[in-house]
């Protein structure tokens, strides 16, 4: 269900902004597109049968996209955290979840530090139960997400 790319070293941050997937590129998955000129490391959080899960890191090169969840989305809410490797920018939110410095899949969002993880603020995305969702990361402030049917 998940396809992860090589793990980046611990990175730092930036912000969000606009883009929509043309109908010709509609896919059933959760994608992140990097509209910056730098490599971005991305982590995702979601609710699963075994509880809250966070996974990372996907490396998303400049001006490319990565699929974090393949296939039809099963949850309404997904959570995203990203870091710009070169410029120290972050895309964050208010939902605290666990991350690790290297590639990870963590069950549970409580006691991150006690369990040897770091805690970061993830941004919540309400997909409205759409089958697909895309988030565009850019250098400008703001957030952009889009749905494809």
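The values are calculated or read from the model by the stated rules, or taken from the named source; none is laboratory data. This one's a predicted model, so the numbers in the text were calculated from it and none came from an experiment. Every residue, glycine among them, receives a Cβ derived from its backbone with ideal geometry; neighbour counts consider all protein chains shown.
Before moving on, here are some points about what is shown:
- Residue match in the range 119-133 (condition: over 17 Å from residue 30 (Cα atoms), in contact (Cβ under 8 Å) with a residue 60 or more places away in the chain and not in a strand (DSSP E or B)): no
- First in the range 62-83 and without any contact (Cβ under 8 Å) to a residue 60 or more places away in the chain, second anywhere and surrounded by fewer than 13 Cβ atoms within 10 Å (Cβ to Cβ) and in a loop (DSSP other than H, G, I, E, B), Cβ under 8 Å, 6 or more apart: 62/37; 63/37; 76/128; 76/129
- Look at (1) crowded, with 19+ Cβ neighbours inside 10 Å; (2) modelled with pLDDT of 90 or more; (3) within 17 Å of residue 84 (Cα to Cα) and you find that residue 45 fails only one, number (3).
- Scan of the range 48-60 for residues that are surrounded by fewer than 13 Cβ atoms within 10 Å (Cβ to Cβ), touching a strand residue (DSSP E or B) at 6+ places or on another chain (Cβ under 7 Å) and either without any contact (Cβ under 8 Å) to a residue 40 or more places away in the chain or not in a loop (DSSP other than H, G, I, E, B) (or both), ordered by number: 51
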